[in-house]
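The values are calculated or read from the model by the stated rules, or taken from the named source; none is laboratory data. Small disclaimer: the values here were computed from a predicted structure and weren't measured. No Cβ is skipped: glycine too gets one built from the backbone with ideal geometry, and neighbour counts run over all protein chains shown. These accessible areas exclude ligands, DNA and RNA; they are computed on the full protein's heavy atoms, side chains included. Shrake-Rupley method; radii C 1.70, N 1.55, O 1.52, S 1.80 Å.
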Amino acid sequence: MTHSVETELSGRRLSIETGKLAGQANGSVIVRYGDTIVLATAVASPGPRPGTDFFPLTVDYEERLYAAGKIPGSRFIKREGRPTDEAVLTCRLIDRPLRPLFPKGFRNDVQIVITTLSADQENAPDILGIVAASAAVSISDIPFSGPVSAVRVGLVDGELIINPTETQLAHSQLDLVVAGTKQAVLMVESGSHPLPEAVVLDDIKFGHESIVELCDMQTRLVLE
């Protein structure tokens, strides 16, 4: 049985669907934005890992060449190799806002895997990975104080844009990633031209308004 919720963000439809793939995971969702699609699965061990004094969370972001319509042409190498630097940074981007929301003292192994199924070259899958990972954990039986969401904020010709396309981002003065819950911002990562501090603060607040909407969307899915 499938369940889905959707909303419109910057003139494009963003949907979250569960019940179609990875049914044996504790939680799994498909997030689609434009023609970019990511699958997130969350799995936890039934009990704590013996002898650990830390939370054994693994976040893995899987790039797939077929997602962009590319097939390796070598006679011997038909699959992806080691993760790229961008993939490793995306893993960390997804990990940072999620990790603090698990209970203190929780020692069960948790693995969250985000796989890019389709990349339309305009809507970046890294931001979708955070939303998908949160939704997958939220609908599972894994203890989690979410949901958490994220958006990218761009500044093009003096206008703030939520989740700018790759074309828009090339002309943007700002590349700001904001992640958080409905109540607060948990993570900010930014690269930009020199901007006044007050402007950047307003940009963060602007991004958080969309984060609240995406968190409400995940809450609707959990209730369903």
Is it the case that some residue within region 45-59 is loosely packed, with under 12 Cβ neighbours inside 10 Å, farther than 29 Å from residue 209 by Cα and of a type in the set (Val, Ile, Thr)? yes
Elements of type strands (runs of 3 or more DSSP E) in region 1-63, at least 1 residues being closer than 14 Å to residue 137 by Cα and in contact with a helix residue (DSSP H, G or I) (Cβ under 6 Å, 6 or more places away or on another chain): 12-18, 27-33, 36-48, 57-62
If only one of 152, 107 is of a type in the set (D, E, K, R), closer than 23 Å to residue 30 by Cβ and at pLDDT 95 or above, which one is it? 152
What's the total number of residues in region 180-224 that are more than 30 Å from residue 1 (Cα to Cα) and aliphatic (A, V, I, L, M)? 11
Would you check if there is a residue in region 200-218 being modelled with pLDDT under 95, open to solvent by 30 Å² or more (accessible area, probe 1.4 Å) and not in a helix (DSSP H, G or I)? no
Looking only at region 132-170, which residues are aliphatic (A, V, I, L, M), under 22 Å from residue 5 (Cα atoms) and open to solvent by 50 Å² or more (accessible area, probe 1.4 Å)? 139
Scanning region 1-31 residue by residue, those without any contact (Cβ under 8 Å) to a residue 40 or more places away in the chain and under 24 Å from residue 59 (Cβ atoms) turn out to be 15, 17, 19, 20, 21, 22, 23, 24
Can you list residue pairs whose Cβ atoms sit under 6 Å apart, with the first residue in region 69-95 being closer than 30 Å to residue 186 by Cα and the second being modelled with pLDDT under 90 and charged (D, E, K, R)? Count only pairs 6 or more apart in sequence or on different chains. 87/63
